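Colleague: I have a structure here, written as structure tokens, and I will follow up with some questions on it.
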Amino acid sequence: MAIQLSLICPVYKVAQFIPELMNSLVAGVNTENVEVIFVDDCCPESSITICENFLAEHKNTIKFKTTIIKQPTNKGQAAARNAALVVAKGTYIGFIDSDDAISPTYWEALVDHVNSATNDIIEFNFKEFTTTLPAPDMGVHSDVDLVKTDLFKSGFFVWTRLYKKTILDKCRFPEGVIYEDIYFNIQAFSHSSSIVKTPKTLVYYRKRSGSTTSKRSSSYSNLLLNMVNSVKESIDKFDDKKTVVAQVARYSLLVSLKGYSIEDKKDRKVFFKQCRNINSIFKSIFKEYNKSIVAKLKFNLSNIICINGTR
């Protein structure tokens, strides 16, 4: 039977959360039309072993196909996802993090969209939790058609979307930086021609203090860096260029302001210097396409903040 959905799941140092993830996959995508690709990012503990044991113990009930890729060294989440993209067979590609979970209605809510394959991107909602999984969203929702620039409003998590494989041929995650979802999503949306949102909660996002982005440091500038680099590469594929650059200006200001929450003074100065350099990279594109006085004020204010922050 043809694989319609490939669900990519990097696995690294989340042993205590794996059983909940695995049970949610059995409840939410237990069909022969789905493959789940686990990527062992050279786990130093038992996370991948727990996955393997679960699959073996439930082999008589699990219908979805599974593949386990073992990275030779720890290369990070971006590299793990890129490795899985190379081997994914599905018409659509989705993502889930190994400390999160999916709704028991995941496949049921998406299968009609997947079967019709008329949209390049299928978007849905998520809900945060800490210890107890939320109740399934059993409401009736109407689909909403989106445009490319709606990405800047709805957020950049890759696990709230399915992507048609054909638009991802040249889309990969930048390795060695955090906030890699931003770069990937801007690329994917720039290549899309039809985007739909089904406003149903299908992913449960676990909030925990030890996550990659839980504490501000100079690496927070990676958010702006990935956005600017991706927009520079893809701006020609957006019809509404003025909205794109205006959104980058908005994020530039927001990111700069949040730099003040970096506790270490030296690291805070590094952050503002990095943001100032990133703004410089984007300056020519912004001048070329910007049509908004408000966006110009935001971009200029961001630069003033960065200059003052390095003093």
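The values are calculated or read from the model by the stated rules, or taken from the named source; none is laboratory data. Only a predicted model underlies this, so the values are computations on that prediction, with no experimental measurement involved. Methodologically, a virtual Cβ is constructed for each residue, glycine included, from the backbone with ideal geometry; neighbour enumeration extends over all protein chains shown. Heads up: the accessible areas ignore ligands, DNA and RNA and are worked out on the full protein's heavy atoms, side chains in. Shrake-Rupley method; radii C 1.70, N 1.55, O 1.52, S 1.80 Å.
Colleague: Confirm whether LEU301 is in contact with a Leu (Cβ under 9 Å, 6 or more places away or on another chain) and more than 21 Å from ASN226 (Cβ to Cβ).
Modeller: Yes, satisfied.
Colleague: Just give me the residues in region 32-41 being farther than 22 Å from GLU108 by Cα and loosely packed, with under 15 Cβ neighbours inside 10 Å, in sequence order.
Modeller: none
Colleague: Does region 257-267 contain any residue that is open to solvent by 40 Å² or more (accessible area, probe 1.4 Å), of a type in the set (Phe, Trp, Tyr) and over 30 Å from VAL11 (Cα atoms)?
Modeller: Yes, region 257-267 contains a residue that is open to solvent by 40 Å² or more (accessible area, probe 1.4 Å), of a type in the set (Phe, Trp, Tyr) and over 30 Å from VAL11 (Cα atoms).
Colleague: Please work out which residue is nearest to ILE68 (Cα to Cα), limiting yourself to region 1-19 and to residues that are surrounded by 16 or more Cβ atoms within 10 Å (Cβ to Cβ) and among the small types (Gly, Ala, Ser).
Modeller: Residue satisfying both the conditions and the ranking: SER6.
Colleague: What is the one condition in (1) more than 28 Å from ASN74 (Cα to Cα); (2) at pLDDT 95 or above; (3) of a type in the set (A, V, I, L, M) that LEU162 does not satisfy?
Modeller: (1) is the only condition that LEU162 fails.
Colleague: Of everything in region 244-277, what is among the hydrophobic types (A, V, I, L, M, F, W, C) and either farther than 11 Å from THR310 by Cβ or not in a helix (DSSP H, G or I) (or both)? Give them in sequence order.
Modeller: If the condition is that a residue be among the hydrophobic types (A, V, I, L, M, F, W, C) and either farther than 11 Å from THR310 by Cβ or not in a helix (DSSP H, G or I) (or both), then VAL244, VAL245, ALA246, VAL248, ALA249, LEU253, LEU254, VAL255, LEU257, ILE262 are the ones that fit.
Colleague: Please go through region 179-205 and give me each residue that is open to solvent by less than 40 Å² (accessible area, probe 1.4 Å) and over 19 Å from ALA109 (Cβ atoms), ordered by number.
Modeller: Scanning region 179-205 gives GLU180, ASP181, ILE182, TYR183, PHE184, ASN185, ILE186, GLN187, ALA188, PHE189, SER190, SER192.
Colleague: Which of the residues spanning region 155-187 are more than 23 Å from ARG216 (Cβ to Cβ) and more than 11 Å from the chain's Cα centre (by Cα)?
Modeller: Of everything in region 155-187, those that are more than 23 Å from ARG216 (Cβ to Cβ) and more than 11 Å from the chain's Cα centre (by Cα) turn out to be TYR163, LYS164, LYS165, THR166, ILE167, LEU168, ASP169, LYS170, CYS171, ARG172, GLN187.
Colleague: I've got another one for you. I need every pair where a residue in region 92-118 that is surrounded by fewer than 17 Cβ atoms within 10 Å (Cβ to Cβ) has its Cβ under 8 Å from the Cβ of a residue that is basic (Lys, Arg) and assigned to a helix (DSSP H, G or I), sequence separation at least 6 or different chains.
Modeller: Hits for this filter: zero, empty list.
Colleague: Scan region 160-173 residue by residue and report those that are surrounded by fewer than 20 Cβ atoms within 10 Å (Cβ to Cβ) and either among the hydrophobic types (A, V, I, L, M, F, W, C) or within 24 Å of TYR251 (Cα to Cα) (or both).
Modeller: ILE167, LEU168, ARG172
Colleague: Oh, and also: Given the conditions (1) touching a Gly at 6+ places or on another chain (Cβ under 8 Å); (2) surrounded by fewer than 18 Cβ atoms within 10 Å (Cβ to Cβ), report the number of the one that ASN60 does not fulfil.
Modeller: Looking at each condition in turn, ASN60 falls short on (1).
Colleague: Condition test on PRO134, is it part of a loop (DSSP other than H, G, I, E, B) and open to solvent by less than 50 Å² (accessible area, probe 1.4 Å)?
Modeller: yes
Colleague: Another one. Among the numbered conditions (1) touching a residue at least 60 places away in the same chain (Cβ under 8 Å); (2) surrounded by 15 or more Cβ atoms within 10 Å (Cβ to Cβ), tell me where TYR220 comes up short.
Modeller: Condition (1) is where TYR220 drops out.
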